[in-house]
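Trainee: The structure follows.
The numbers here are math on the coordinates, done by the rules we state, and not lab data. What you see is a predicted model, and the numbers here were worked out from it, not measured in a lab. Positions of Cβ are generated from backbone atoms using ideal geometry, with glycine treated the same way; all protein chains shown enter the neighbour counts.
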Amino acid sequence: MARLAIAAALVLLVSAGTAAAQIRSVRTEGPRPFGVLLGDVLKLTTTVDVDAPFKLDGSTLPRPGPLTYSLELRSIDVTEQAAPGGGTRYRIAAEYQTFYSALETGEQTIPSFTVAVSDGSRRAETQAGGWSYLTSPLRPIQSLAGESDQRLRPDVQPVIPPVGPARDRLIAVAALAALLAVALAWSRAWPPFHKRRSRPFAAAAREVARLVRRGEDGRRAALLRLHRAFDAAWGKRLLGEDIGAFLRDHPAFASRAEEIRSFFAASRRAFFGREQGDVLAPDALVRLARDLARAERGA
Amino acid sequence: MTMSRAAELRAGGEQSPASLGEWREKALAFEREVGTAVVGQPRVVRLLTVALFARGHVLLEGDVGVGKTTILRAVARALGGPFERIEGTVDLMPTDMLYTAFVDDDGKPRVEPGPVLHHGEDLAVFFFNEINRARPQVHSLLLRLMAERSVTAFGKEWSFPHLQVFADRNRVEKEETFELPAAARDRFLMEIAVDAPTDPEVRRELVFDPRFYDVDRLIGGVAEGVIDHRQLGEVGRAIQESVHASRALENYVLALWDALRAPAAAGVEIAGVDMSRLLQGGASPRGVGALVRAARVTAWLEGRDMVLPEDVRAMFGPVMAHRVFLDPIYETRRERIVPDLCRQVFERVPTP
């Protein structure tokens, strides 16, 4: 441990008056008072012995913060214990940091503060906590020829975080997502399952939506496309008078019976009637195709 | 009267659909009337009605005792007009149809007009019973009678503008029978298979109702002349003109025809049959024309003014099946193969 330096001599206050009797002794201790550089932290401990029933008045102590241009009080802490021979011993631990950039070695002082004690009616004060030390300038290291790299420490090796488990999870989730996408495509008869035999209406619904936008011929082609879907669903050609039998074989479509019948009626008018045209409205056709595709999924 | 009516029908225009509508009512009444005597055979009655209005001859085929003769007699009576029948036998000669030779009261041989000529040129229905028992010579006379509705007898040409030939053929015996030549079969508009009714109630009625024990009384109960046979020709023409067959339907019928002529190319497959060898011929243009004719009448009877694939399908079996001529090795299995062929043709050819 650094040699204990007693910066302020034990002060016996022998001056006349009652104040001297109440503060028995004040002593400030600090680290070695030389070789202090810019940015050093100095811890000073001031011990104050006080007669009973006097108490330390904390309001006179300095508050943490800049004290002077180059000195900052980082913290100040008061502890209390019984003093030998009665009374109270206060330890005031103050922590300073100096920002004084010395150009050459010189003396600097930490200013003292007022220690005040009182017993309620009487009051006594004294100055304490002052300290002086020698501060030295910072000097650059003399560079050595050809060894300039010594001034730079080697770069820290980058740490590679372990990615194995995360990669495995990613692969698993991606595989699951792909599987679900395939299942969805299968269920909805999207490509490459668009030729699925049990989903003729799904394929038809897509083509119908595309065809109805192509004018009169497109609408007729859309009608035909839907007819082919009915044929595929039934396994043979479905004519208008077979709708009843078809719905008996495929009850999933029974809820659309009315639309299916009107579709066949419209198709008859369009293909076999005397006046061409009067095709089912494109919207109705697309809707019917989608409804049938939905019913087909539910089957 | 008759002439003005026919002219009115032929003229088309405003009056034709209305009068055709009346004729449709009459046709349905005719069906009902025949149905009072013939129970459990609505399909056969409908086909016969179609044949009447399509002006086609009909060949009935079926087991013994299923009522082929009764049906034809009921139809003939409800149709009205002169009716004549002849039984086919092995020794029947063509002259037997035209002449009746007998010894008169004075002991002199006489030759009078035979069954065909008995009623003169107004003959409406000629019914040839058991046609496959007659010889090919008779068939050839019948062929002319059906095709041209005329014969030559007593040194002159007889023409029968209203004639309709009905024939029946039982399929039980093969002994001492003569299969109809292809050309004669092709002359029949339809070949209708008559089967025993399957409905238990109808069967019960047929067997236990005394009404059916006496066929003459049963036929006697059918109202006579529900439709005028002399106008059928005009009405038939008006129907053919007024019922519309669209371009799409024409394509459909042509596709069906192609599929029937080349079933292998259309994807038809029948178990145990080499499709490339199955057909020898048939499905003639006349046959397809008859199909469209019958389909138009069906549409008209259903109250439509356009032909639908359903009409074609309903008529396809009766009109086309007997015009398909199979390779001899498959001919014996005809009754299984041809219906299967017709059914598959309809399952393969896409409707427009």
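Trainee: Just to confirm a number: summing +1 for Lys and Arg and -1 for Asp and Glu over residues other than residue B:245 whose beta-carbon lies under 14 angstrom from that of residue B:245, what do you get? Don't skip to the end; give the middle numbers.
Mentor: Values: positive: A:268, A:274, B:247, B:293, B:296, B:304; negative: B:241, B:250, B:305, B:310, B:311.
Residues close to residue B:245 contribute a combined charge of +1.
Trainee: Shifting gears a bit: Which distance in nm do the two modelled labels at residue A:172 and residue B:182 give, with both placed 7 Å along the Cα-to-Cβ direction?
Mentor: 7.5 nm
Trainee: In addition: Between the stretch B:220-237 and the stretch B:151-218, how many Å separate their Cα centres?
Mentor: Cα centroid of the stretch B:220-237 versus Cα centroid of the stretch B:151-218: 19 Å apart.
Trainee: Extent of the stretch B:30-228 along each principal axis, from alpha carbon coordinates, in Å, largest to smallest?
Mentor: 54, 35, 34
Trainee: Obtain the nm distance between the two label points defined at residue A:119 and residue B:121 by a simple spin-label model: each point lies 7 Å from its Cα along the Cα-to-C-beta direction.
Mentor: 16.7 nm
Trainee: How large is the translational diffusion coefficient of the protein assembly as shown in µm² per second when you combine the Kirkwood radius over alpha carbon pairs with Stokes-Einstein at 25 °C and 0.890 mPa s?
Mentor: 70 µm²/s
Trainee: Evaluate chain B: find the radius of gyration of its Cα atoms, find its Kirkwood radius, and give the ratio Rg to Rh.
Mentor: 0.97
Trainee: Can you list residues from other chains, or at least 5 along the same chain, whose modelled amide H is less than 5 Å from the amide H of residue B:164?
Mentor: Correct list: B:125, B:126.
Trainee: Which of B:148, B:175, B:205 ends up with the largest GNM mean-square fluctuation for chain B, with Cα atoms connected below 10 Å?
Mentor: Maximum among the listed residues: B:175.
Trainee: Using a Gaussian network model on chain B with a 10 Å cutoff between Cα atoms, which of B:320, B:146, B:275 fluctuates the most?
Mentor: B:275
Trainee: Could you tell me the ratio Rg/Rh of the stretch A:5-135? Both radii from Cα atoms, Rh via Kirkwood.
Mentor: 1.01
Trainee: Report, in whole Å, the centroid distance computed from the Cα atoms of the stretch A:52-128 and the stretch B:44-110.
Mentor: 146 Å
Trainee: What FRET efficiency do you get for residue B:265 and residue B:203 if R0 is 51 Å and r is their Cβ-Cβ distance, rounded to the nearest 0.05? Intermediate values should be presented prior to the final figure.
Mentor: Numbers: r = 43 Å, r/R0 = 0.85.
The pair residue B:265/residue B:203 has a calculated efficiency of 0.75.
Trainee: Given H placed on each backbone N at 1.01 Å, which residues far from residue B:80 in sequence or on other chains put an amide H within less than 5 Å of it?
Mentor: It is B:225, B:226, by chain and number.
Trainee: If the chain between residue B:215 and residue B:174 were fully stretched, how many nm would it gain, using 0.36 nm times the residue separation less the Cα-Cα distance?
Mentor: 12.0 nm
Trainee: Hey, what's the Kirkwood Rh for the stretch A:94-138 if you take every pair of different alpha carbons, in angstrom?
Mentor: With all distinct Cα pairs of the stretch A:94-138 included, I get 12.9 Å.
Trainee: Given just the C-alpha atoms of the stretch B:220-352, how large is their convex hull per residue in cubic angstrom? Each step should come with its number before you reach the end.
Mentor: Values: hull volume 18.9 nm³, N = 133.
Once divided by residue count, the hull of the stretch B:220-352 is 142 Å³.
Trainee: For an R0 of 30 angstrom, estimate the FRET efficiency from the Cβ-Cβ distance between residue B:22 and residue A:283 and round to the nearest 0.05.
Mentor: Here the calculated transfer efficiency is 0.10.
Trainee: Eigenvalues of the Cα gyration tensor times 5, then square-rooted: what semi-axes does that give for the stretch B:280-352, in whole angstrom, largest first?
Mentor: Numbers: eigenvalues 125, 33, 20 Å².
In descending order the semi-axes read 25, 13, 10 Å.
Trainee: Any idea what Rg and Dmax come out to for chain A if you just take the C-alpha atoms, in Å?
Mentor: That works out to 49.2, 137 Å for Rg and Dmax.
Trainee: What fraction, in whole percent, of alpha-carbon pairs in the stretch A:186-298 exceed 20 Å separation?
Mentor: Above the 20 Å cut-off, the stretch A:186-298 has 35 percent of its Cα pairs.
Trainee: If I take every Cα pair under 8 Å that is 6 or more residues apart in chain A, average their sequence separation and divide by the length, what percent do I get for the relative contact order?
Mentor: 13 percent
Trainee: Please turn the phi angles of the stretch B:99-111 into ³J(HN,Hα) values with the Karplus equation 6.51 cos²θ - 1.76 cosθ + 1.60 (θ = phi - 60°), one per residue in order, whole Hz, x for glycine and proline.
Mentor: Per residue, the Karplus-derived 3J(HN,Hα) values read 10, 10, 9, 8, 9, 8, 4, 7, x, 9, x, 9, 10 Hz.
Trainee: Name the residue, out of B:223, B:51, B:78, whose mean-square fluctuation peaks in a Gaussian network model built on chain B with Cα pairs under 10 Å.
Mentor: The residue that fluctuates most here is B:223.
Trainee: Separation of the stretch B:303-352 and the stretch B:244-269 by C-alpha centroid, Å?
Mentor: When both Cα centres are located, 11 Å separates them.
Trainee: Can I ask one more? So for the pair residue B:247, residue A:248, with labels modelled 7 Å out along Cα→Cβ, what separation do we get in nm?
Mentor: Label-label distance for residue B:247 and residue A:248, simple model: 3.8 nm.
Trainee: Separate question: If R0 is 22 Å, what FRET efficiency do you get for residue B:104 and residue B:152 from their C-beta distance, rounded to 0.05?
Mentor: 0.35
Trainee: Sticking with this structure for a sec: Under the rule of at least 5 residues apart or a separate chain, name every residue whose amide H is placed under 5 Å from the amide H of residue A:24.
Mentor: Under 5 Å from the amide H of residue A:24 lie the amide H atoms of A:49, A:50, A:51, each far enough along the sequence or on another chain.
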